[in-house]
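Have a look at the structure below, then the notes.
Taken together, the values in this text are just the output of simple stated rules run on the coordinates, not laboratory data. Because the structure is a prediction, the values reported are computed rather than measured. Note: ideal-geometry Cβ built from the backbone for every residue, glycine included; neighbour counts use all protein chains shown.
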Amino acid sequence: MVLERKMLTNGDPEDEEEDAPEEEEEEEEEDLVDPLETIRAKCEETEHCVHYKERLELCEARVSSRSNTEEECTEELFDFLHARDHCVASKLFHNVK
């Protein structure tokens, strides 16, 4: 059992050479961009989503300006997310390989 551990920790020099390409692959993977985030950003710029985003921002400004209020912007947030997700749904799977 002890001998096996030494063999695993010492390794062969060939194994060390194989590790180098894996490190490069990991670096390349970090550069990948999630297509969902890209499409969400584009959809947020559409006229339909901009309207709901403006309503959400107005609500947030109104709520934050008051010190004692029970109002929340849940409805506006859900409307915005629904509009954005509806836009994303029609475009997302065209990018899936």
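Peptides 66-75, 42-51 ranked from most to least packed, by the mean per-residue count of other Cβ atoms within 10 Å: 42-51, 66-75.
Annotation: extensible slack from D85 through L32 equals 16.9 nm (criterion: 0.36 nm per residue apart, minus Cα-Cα distance).
Computed from backbone phi with θ = phi - 60° and the Karplus coefficients 6.51, -1.76 and 1.60, the 3J(HN,Hα) list for segment 51-61 is 4, 5, 5, 5, 4, 5, 5, 4, 5, 4, 5 Hz; x is used for glycine and proline.
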